[in-house]
Amino acid sequence: MTDLREQLQQTLGDSYQLEQELGGGGMSRVFVAHEKSLGRKVVVKVLPPDMAAAVSIDRFRREIQLAAQLQHPHIVPLLSAGETGGLPYFTMPFVRGESLRARLSHGELPISETIRILREIASALAYAHENHIVHRDIKPENILISGGSAMVTDFGVAKALSASSDASGHSLTSLGVALGTPAYMAPEQATADPNTDYRADIYALGVVGYEMLSGSTPFPGRSPQATLAAQVTDTPEVVTKRRPAIPPLLAALVMKSLEKRPADRQQSATDVIHELDALSTPSGGLPPTMALPAAAPRSSKRNLVMGLGAVAAIGVIAFAATRFRSSPGAANTAESVVPAIAVLPFENRGRPEGQEFTDGMTEEITNRLASVHGLRVIGRQSARSYAATQKTPQQIAHELGVQYILTGTVRWDKGSDGKELVRVSPALLRTADATQVWGDAYQTVLSGMFDVQSKVATEVAGALNVALLAPEKNALVAKPTNNVDAYTHYLRGNEILIRSIDPKSFRAAIDELEKAVAADPGFALAYARLSEANTEYYWYNGDRSAERLKRAKAAVDKALTLDPSLAAAHLALGIYYYHGFLDYERALPELNAAERTRPNDYEAVFFKGALLRRSGKWKEGIADMHRALELEPRVPVNYSDLGQTVLMLREYDESARLSDQALVLDSTDAVSYSNKSRIAIARDGDVPAAIRIARKGFDAASSRSLAAGFALGNGWPDTVDPVIRDAAENFLWNADFGEKSTFFVSKMNLYWESNDRQRARIYADSAIAALAVRIRQQPQDALYYSHLALAYATLGNKAEAHAAIDKARSASTWSKDAFSRADWMLTHAIALERLGENQAAISRLEELLRTPSGVSRNLLRLHPEFVELRKDPGFQKLIQG
């Protein structure tokens, strides 16, 4: 021991002073040293002679150098590697704190602490796996707790040992040296399967989670050989048998990671993060006392989001729009007083054609209950995710934060007279004890189903002891229409409007809703939704014409004439003023009226929040958004929109968390991938990570064409990836992708950023022609003038570019739209930069750094747009802060 210490000190020289030896692990002897030049302590780990004999020192050093490239807040970095007396060693920072093993010596950990530590380890694994490094020895000894955070140590060491032993022609296994620890080794690792991959780390993480929750590993008290055999053949005891208080979803997560087959586990550490993040929300199944600390309530949301053509010159042009909904905020503090209920999709037990009416039954009962002030009703989009679920009422209640669930079946039959009969059997369950509070059965002809919907809603309110006001009683029994054909078209149009926001879908929804009002000219609800469809078709750049808005206004006026108290009509009118004209003063009273009539309809609350945010009242808007999120907690785009908004406020960690939650619910959510890619740039300055995230989102997309359009809109860094770049270059405009002028501007930027100035100018010419048409139609839209300024700047036309900038800043939308104004300002800054007017560009960028925007110093430091500007001392001062 003394000889090794002396030899190591000689090798390290005067730069380091060895202080003490710590208890080593199976793979090394461990010393603490003082690094004199930096005045810090480091750890030096030296391989023992038997292991060193089996490795190639040069190969080992190279592998350690690769692992040293990992830079992550939950990874203890490797600093250097060398050789002393034929023994390889490596160094890493000395971390003050204790190991997770020391923490576990006192027994199992609190559930909230377990979740936090698991997430931090999973975050480290996800980062390492993205960089093609597998740990292979995750265990409590290699997890350090410092300052309340978990840090994983010895990353890449097992890989270095394995690779260098192979290179030397020796086998560590033949020497009896296990690359891994039996209690934490995945079955494929225990059997030395050559195909072992990163999913072995997920298994080990599951064992660590099992131990933190229960105080022991799945197979305790066995010899190493017996433990390895158990890993391969024995099924671990369900962790809740050892600790019943573990939330079911957390237990399921741990047990899934312990599956014998790698394909049956979570397929990435990111998947684990998503599941853990879902646990930290009211929909995740944790009791309120166990919920993880949350950031201050923040949200933002557009019911139908991210317009095709909501473009900035850097990373915010989006063609493939997604409907943004909500995210669960803090648990409702009045739950103990106000009953909370979810109406689950009724089960269709008849012909397939009856599914449409069965879904209509569920939706209409939800809508009626939403008008009751004494209830909290979960939105239909969140509830519908439980169609044909195998989850228990208690699990659903945990995930949605409710005490009651309404379920039902719908059967179809023919009466003796040949008329079609509908049998509806609803049941109200109290989730605390899974008892039925109320149930009944109704039989009627198809046209009588509206009476059944009214009766069910009224009986449910009565069973919950909710006192009904006269307007609420009227809302519960009102019939939207007596015409079955009209109702059929309404259901179809409404379903399209809920699910999609691309121009093609809007046209289809309008077509169905027009058929509904043609079949029943007295159908006020259908007129209201028809108005909303026309307004949103305009807002999302499907048809930016004055005629489209006229149609929207005519439809909502008709709805209010038929029923002046109809909440959906006031909502539609509020959306018309808001999305049609940014007329907040006239929109807000209508949204308030809709909310008063239907307090459980999240749309009115959401639109209020979105309106306030866009008017520059970020705090108030975010508060309203959170109220909306409680009512509609399981729609992924709710999280991604909220993540996008807090990203503009530069709350990057919160934005990442929300985006991960969106991806738990929908692994294809394009905006969440975009958020995370932008965070990698803004927070971390990590361009390779941003590109990897963008590619992951591109590959996950359900439509290659939509993904290509979205990537073209995002631009850098997405288009650095060669596959994405090829798709963006070959993407062709069509009417289903909205604004042609935005398409030309995006192509222009794509080629400008890659130094293909000739093609960039060709697209600039095309953009100017298309924008001239749009400006004639919308002379007060700052978006079009901003794009025009950029196109002229690309051509070098200074006077025209300045005139367009002046027009944009004097347009009415400039002062009204705080949300988009940052994008327009960035476009102006880039236009000035392309004209060579550095000081003016820097002044704009400086302003953007002071206000909510997508601009960060890292973005300015790294984006290829600013290569020339970086030579300016003023710009250097700006990016250095």
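Quick notes
Per-residue answers, yes or no, for (1) among the aromatic types (Phe, Trp, Tyr); (2) open to solvent by less than 30 Å² (accessible area, probe 1.4 Å):
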site	(1), (2)
SER812	no, no
LYS816	no, no
PHE819	yes, yes
SER856	no, yes
PRO864	no, no
VAL867	no, no
GLN880	no, no
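- Residue in region 711-721 that is hydrophobic (A, V, I, L, M, F, W, C), touching a residue at least 60 places away in the same chain (Cβ under 8 Å) and in contact with a helix residue (DSSP H, G or I) (Cβ under 7 Å, 6 or more places away or on another chain) present: yes
- Residues of region 368-396 that turn out to be out of contact with any Gly (no Cβ under 9 Å at 6 or more places or on another chain), assigned to a helix (DSSP H, G or I) and within 21 Å of PRO636 (Cα to Cα), as a count: 8
- The set of residues from region 397-408 being assigned to a strand (DSSP E or B) and open to solvent by less than 40 Å² (accessible area, probe 1.4 Å) comprises ILE405, LEU406, GLY408.
- Boolean, ALA508 is farther than 28 Å from PHE346 by Cα, modelled with pLDDT of 80 or more and open to solvent by 20 Å² or more (accessible area, probe 1.4 Å): no
- Of the helices (runs of 4 or more DSSP H) lying entirely inside region 548-663, the ones with 3 or more residues being among the aliphatic types (A, V, I, L, M), touching a helix residue (DSSP H, G or I) at 6+ places or on another chain (Cβ under 8 Å) and at pLDDT below 85 are found at 618-631.
- Flag for THR392 being within 30 Å of PRO247 (Cβ to Cβ) and either open to solvent by 50 Å² or more (accessible area, probe 1.4 Å) or among the polar types (S, T, N, Q) (or both): yes
- Residue selected from region 409-427 under the condition modelled with pLDDT of 80 or more and open to solvent by 10 Å² or more (accessible area, probe 1.4 Å), by the criterion nearest to GLU459 (Cα to Cα): ALA427
- Residues of region 511-535 classified as farther than 24 Å from ARG368 by Cα and open to solvent by less than 20 Å² (accessible area, probe 1.4 Å), total: 2
- Within region 103-115, restricting attention to residues that are in contact (Cβ under 8 Å) with a residue 40 or more places away in the chain and under 13 Å from SER216 (Cα atoms), the residue that is most open to solvent (accessible area, probe 1.4 Å) is GLU108.
- Exclusive hit being hydrophobic (A, V, I, L, M, F, W, C), touching a strand residue (DSSP E or B) at 6+ places or on another chain (Cβ under 8 Å) and in contact (Cβ under 8 Å) with a residue 40 or more places away in the chain, set LEU649, LEU631: LEU631
- Among the candidates LEU832, LEU783, residue that is open to solvent by less than 30 Å² (accessible area, probe 1.4 Å), part of a helix (DSSP H, G or I) and within 30 Å of GLU585 (Cβ to Cβ): LEU783
- Each residue in region 612-669 was checked for being open to solvent by 20 Å² or more (accessible area, probe 1.4 Å), more than 8 Å from the chain's Cα centre (by Cα) and more than 21 Å from GLN381 (Cβ to Cβ), and 14 pass.
- Residue count for region 481-505, restricted to those that are open to solvent by 10 Å² or more (accessible area, probe 1.4 Å) and either modelled with pLDDT of 95 or more or part of a loop (DSSP other than H, G, I, E, B) (or both): 4
- Here ALA478, ALA457, ALA441, ALA434 are screened, and the one residue that is farther than 30 Å from ALA524 by Cα and hydrophobic (A, V, I, L, M, F, W, C) is ALA434.
- Filtered residues of region 428-480 (kept if at pLDDT below 80, open to solvent by less than 30 Å² (accessible area, probe 1.4 Å) and in a loop (DSSP other than H, G, I, E, B)): LEU464, VAL466
- Criterion (in a loop (DSSP other than H, G, I, E, B) and either in contact with a His (Cβ under 8 Å, 6 or more places away or on another chain) or open to solvent by less than 60 Å² (accessible area, probe 1.4 Å) (or both)) met by exactly one of TRP752, TRP716, TRP733: TRP716
The values are calculated or read from the model by the stated rules, or taken from the named source; none is laboratory data. In this text, all values refer to a predicted model and were calculated from it rather than measured experimentally. We place every Cβ from the backbone using ideal geometry, glycine too, and count neighbours over all the protein chains shown. The area values use the complete protein model at the heavy-atom level, side chains included, leaving out ligands, DNA and RNA. Shrake-Rupley method; radii C 1.70, N 1.55, O 1.52, S 1.80 Å.
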